[in-house]
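Worksheet: one structure, shown below.
The values are calculated or read from the model by the stated rules, or taken from the named source; none is laboratory data. Being a predicted model, the structure only gives us computed values, none of them experimental. Because the Cβ atoms are built from the backbone with ideal geometry, glycine has one as well, and the counts that use them run over all protein chains shown. Heavy atoms of the whole protein, side chains included, go into the accessibility calculation; ligands, DNA and RNA do not. Shrake-Rupley method; radii C 1.70, N 1.55, O 1.52, S 1.80 Å.
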Amino acid sequence: QVVLVESGGGLVQPGGSLRLSCAASGSIFRGNVMGWYRQAPGKERELVAAISSDGITTYADSVKGRFTISRDSAKNTVSLQMNSLKPEDTAVYYCNYKRGLFGSWGQGTQVTVSS
């Protein structure tokens with residue numbers, strides 16, 4: 001079992017920045033992928049960014065050039081630096097751990113972009 005705890009959400013004005021962090025604990029093995037998903041009201045959960053244990057990254061087109069995902073495998077943490085935030089980035093952001101068919105989710109953290 002892998003437990004994920006997110007932090008760093010909040011309210012920010014358009015154009016501002018936030019940094020989300022996720023700490024993983026439990027049965028963590030090499031060859032995993034950690035990432036961030038988000039879900040806005042009335043919409044499906046979508047991938048925002050992911051990073052493999054080898055450092056390979058994937059981004060949604062809507063956040064490319066604005067968001068940066070990084071990880072510290074020694075500390076089992078993953079972070080999402082979000083810059084130039086837009087109102088449409090408003091959502092609950094979830095940390096995800098995936099290895100093969102096994103996956104785990106964090107409890108989610110709210111990000112609200114509004115003036």
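Listing for the model above:
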{"item": "Matching option when the condition is free of Cβ contacts under 8 Å to residues at least 60 places away in the same chain and of a type outside the set (Phe, Trp, Tyr), among 9, 35, 15, 55", "result": "55"}
{"item": "Subset of the range 1-17 that is open to solvent by 30 Å² or more (accessible area, probe 1.4 Å) and assigned to a strand (DSSP E or B) - its residue that is farthest from residue 95 (Cα to Cα)", "result": "11"}
{"item": "Among (1) hydroxyl-bearing (Ser, Thr, Tyr); (2) at pLDDT below 95; (3) open to solvent by less than 10 Å² (accessible area, probe 1.4 Å) - the single one residue 25 does not satisfy", "result": "(3)"}
{"item": "Of the criteria (1) outside any strand (DSSP E or B); (2) of a type outside the set (Val, Ile, Thr); (3) under 13 Å from residue 93 (Cβ atoms), which one residue 47 fails", "result": "(1)"}
